[in-house]
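See below for the structure under consideration.
The values are calculated or read from the model by the stated rules, or taken from the named source; none is laboratory data. It should be emphasised that the depicted structure is a prediction, and the values quoted were computed from it without experimental measurement. Glycine also receives a Cβ, built like all others from the backbone with ideal geometry; neighbour counts cover every protein chain displayed.
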Amino acid sequence: MHLDRDVAPEYPLSWQARALTGLMRHTLKPASHLFLRHALALTAASQLGELVRLLPAATPDHVSLVPAAFSACGGEWVRGRDTLDEHKVVLYLHGGGYFSCSPRTHRPITWRLSAVAGRPVLALDYRQGPVHKLADSLSDSLEAYDCLLGRGYEPEDMIIAGDSAGGHLTLATLLALRDRGLPLPSAALCLSPWADLTDFPRRANRWQDPMLPAGRVRWLARRWTDGLDPRDPLVSPVLGDFTGLPPLMIVTGSTEVLRDEARRVAERARDGGVPVTYEEWPRMPHVFPILADVLPEARLAFRHMAMFLAAVAGLEELAAEDEAAA
């Protein structure tokens, strides 16, 4: 498999996808449009998220979940099958607009990612708004990465992954690591990344997206960039220079309001010499892999991630052989 390629999977649209996108269009999208208009809505959503943490989150019996603690935040170790390479790791950064969700809500992604990557996943419970700032989230991500290095993980045995706001944090983390001269992971995965926080109207897919109202995404970006330069690459990674970053996989849906940001990230990365596997799945909603319990397309997406990671591993083996021959 070539790492640098564009993919438009041609699987037939499942009845589950038709039903779910229709349901989202008539429930989640109007609810977001109605409630995400005031700072109090973010506070309420954040508090609701704290209550969700107390509820049991169902995972298959073979999945192992172990709490993890860091100086500024916590998280959990997720092991998706019995036989894993414990010398390797995925650092996962969940989405949720920087104000909601947690490692618990994203277990449908993390346990499957652990299984296909053949390694444990550290799902980070990083600090979020409205109490905390973007810089706090980035600091937590960098600290967790440094902690993993301190525990003996080699950079080439590490992967960073994230979805939506977590995709934003993944890209910002990579840029910050590179700019600080720190060792980079072997690869990164971004699912429906939110990569541009500048104040611009999103016109592409504003009606087609079954989940996210474009105006509310813009409103949220204004909230998180208050007092910041939105064109700073650590604030809007799509504007960054990706030179020197590891291979990147981007997965998005064709009707997402954030789709064009994902495309632009792929273009910027390729301009910097980074091999990018860009996958645009027809008519899939925002971060559709989290729906793998019910969506056949979401389960197939994890097979594609497995192929990408296998290709990255093959590239590393070739580089090691070349180095040995030299």
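Among the listed residues L234, L239, L245, which satisfies the condition of being of a type in the set (A, V, I, L, M, F, W, C) and more than 18 Å from G162 (Cα to Cα)?
None of the other options fit; the residue is L239.
Quick check on my filter: what residues within the range 81-98 are surrounded by 22 or more Cβ atoms within 10 Å (Cβ to Cβ) and either under 26 Å from V131 (Cα atoms) or in contact with a Gly (Cβ under 9 Å, 6 or more places away or on another chain) (or both)?
L91, Y92, L93, H94, G95, G97, Y98
Counting only residues that are closer than 17 Å to D136 by Cβ and not in a loop (DSSP other than H, G, I, E, B), how many does the range 222-236 have?
2
Just to be sure, is P296 surrounded by fewer than 17 Cβ atoms within 10 Å (Cβ to Cβ), modelled with pLDDT of 95 or more and within 16 Å of P9 (Cα to Cα)?
yes
Please list, ordered by first then second residue, the pairs with beta carbon atoms under 6 Å, 6 or more apart or interchain, first in the range 212-236 and within 16 Å of G96 (Cβ to Cβ), second part of a loop (DSSP other than H, G, I, E, B).
L212/V257; L212/H286; R216/L36; L220/G97; A221/L197; W224/Y98
List pairs: first in the range 259-284 and free of Cβ contacts under 8 Å to residues at least 60 places away in the same chain, second aliphatic (A, V, I, L, M) and part of a helix (DSSP H, G or I), Cβ under 7 Å, 6+ apart or cross-chain?
R268/V238
Please state which one of A172, A117 is under 21 Å from G272 (Cβ atoms) and either at pLDDT 95 or above or within 18 Å of the chain's Cα centre (by Cα) (or both).
When all the criteria are applied, what remains is A172.
Just checking, does the range 74-94 include any residue being in a loop (DSSP other than H, G, I, E, B), farther than 30 Å from V235 by Cβ, of a type in the set (G, A, S) and in contact (Cβ under 8 Å) with a residue 40 or more places away in the chain?
Scanning the range 74-94, I find at least one residue that is in a loop (DSSP other than H, G, I, E, B), farther than 30 Å from V235 by Cβ, of a type in the set (G, A, S) and in contact (Cβ under 8 Å) with a residue 40 or more places away in the chain, so the answer is yes.
Could you please find all residues in the range 39-73 being in a loop (DSSP other than H, G, I, E, B), at pLDDT below 70 and not aliphatic (A, V, I, L, M)?
Scanning the range 39-73 gives R53, P56.
How many residues does the range 216-233 hold that are crowded, with 19+ Cβ neighbours inside 10 Å and of a type in the set (A, V, I, L, M, F, W, C)?
Here the count works out to 4.
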